[in-house]
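Contents: one structure, followed by commentary.
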């Protein structure tokens, strides 16, 4: 079987490595190859444990075991992560995965596929620079997939915008997440090996992307993070509405989509790297074992059903109220005062707590959480580590 993979990001490159390693003829076609795609670049503990090569090796990365959650009120919860996360530059991560695919035997071509047509059980692909043929296509072209009839169909309400700055200088030792009551999304500061990724992700509304940029620049000014020498970035992320998951297209005759192109991004956190790798793994396993027709069922059972539940929770999480205050504010306050609630947050950050089990766990430990908060109300909550200046 001759396989063309359209897109060389994490999903496409990882699928290419697995398929080429099985002896299949694989061509990865990507316009930019390894580049600094706009995103935080964090790999959860779940991703590192499932794909341990991402935690080992010499590729530059930064392990972070400290996280600061900040409510709109200014309240902070400082967590020492029991399961650290790894933060990569996306250029480094994409380069690592493409090199692994190349070593496995995949052919890598720098081009942009703009049209795909199926003729007599074979794909005819037209790129900007050349034409290609394939028996099977893996669509891994991200949210801006030019092949509208293959992969997730994103409406206006099915996307987030992620924008921000890469700031050179001495990176801080912790990640920081800032919530705002007027934003369905959050601001982040992620330390990389030699710079900070400072950004904001949020659903597009009447205020548009200029408002998001204004918000993140105000945040940087307040935190003393300089704009001088910083590089601006902006990117579109899938964030499917609950109903959109019902009609989400992840495979068809002779093709299947993975990662962002399949709409597989967490609707609350915007995290997509684990889902890119896992969907590529599931598809490659199906192709190798001759059960590619089961790919959609496997993706829905393992990934998409949980993401759909996350989409149902998202609006309530960012805009809802609990005990007369914002849900995100209560979350930060509970995390400061309740060890049981902090354990839950640790698992959410690590990626091991699913949305399917979240509600049951919250109610099961609700009494304990309130008792821990009440029993500690006469003593001030403490910061487990000092928050240093970022630059």
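Read-outs: derived from the displayed coordinates by stated rules, not from any lab. Note that the structure is predicted; figures quoted are calculated from it, not measured. Virtual Cβ from ideal backbone geometry, glycine too; neighbours counted across all protein chains shown.
What percent do you get for the relative contact order of the range 54-93 when only Cα pairs under 8 Å and 6+ apart count? Could you put the intermediate results ahead of the total?
On the way: 45 pairs, mean separation 18.5, N = 40.
Relative CO of the range 54-93 lands at 46 percent.
Assuming a ≥ b ≥ c are the square roots of the Cα gyration tensor eigenvalues, decide whether the chain counts as rounded (a/c under 1.5), prolate (otherwise, with a/b larger than b/c) or oblate.
Prolate, because a/c is 1.5 or more and a/b exceeds b/c.
As a rough footprinting exposure proxy, the listed residues 121, 253, 271 were ranked by other beta carbons within 10 Å of their own, and the order from fewest upward is 253, 121, 271. Computed from Cα atoms, the angle from the helix 208-223 axis to the main principal axis of the chain rounds to 50 degrees. Taking the centroid of alpha carbons for each part, the range 1-56 and the range 64-127 are 7 Å apart. What angle do you read, to the nearest 10 degrees and between 0 and 90, between the alpha-carbon axis of helix 10-21 and the longest principal axis of the chain? That works out to roughly 50 degrees.
How much length is gained on full extension from residue 218 to residue 129, taking 0.36 nm per residue of separation minus their Cα-Cα distance?
Values: separation 89, 0.36 × 89 = 32.04 nm, distance 4.27 nm.
27.8 nm is the gain from fully extending residue 218 to residue 129.
Mean separation of Cα pairs under 8 Å and 6+ residues apart, divided by the residue count of the chain: what relative contact order is that in percent?
Dividing the mean separation by the residue count of the chain yields 20 percent.
Fewest-first ordering of 218, 260, 306, 135 by other beta carbons within 10 Å of each residue's beta carbon gives 218, 135, 306, 260. For residue 325 and residue 103, the difference between the fully extended length at 0.36 nm per residue and the C-alpha to C-alpha distance is 74.6 nm. Entry note, the chain: the mean residue ellipticity at 222 nm calculated from DSSP H runs of n ≥ 4, each adding -39500 (n - 2.57), is -10000 deg cm²/dmol after division by the residues and rounding to the nearest 500.
Quote the FRET efficiency, to the nearest 0.05, computed for residue 73 versus residue 228 with a Förster distance R0 of 30 Å and r equal to the Cβ-Cβ distance. That pair, residue 73 with residue 228, gives E of 0.50.
Quick check on the exposure proxy: order 216, 92, 139, 250 from fewest to most C-beta atoms within 10 angstrom.
Values: 216 23, 92 17, 139 30, 250 26.
Listing 216, 92, 139, 250 from fewest to most nearby Cβ atoms yields 92, 216, 250, 139.
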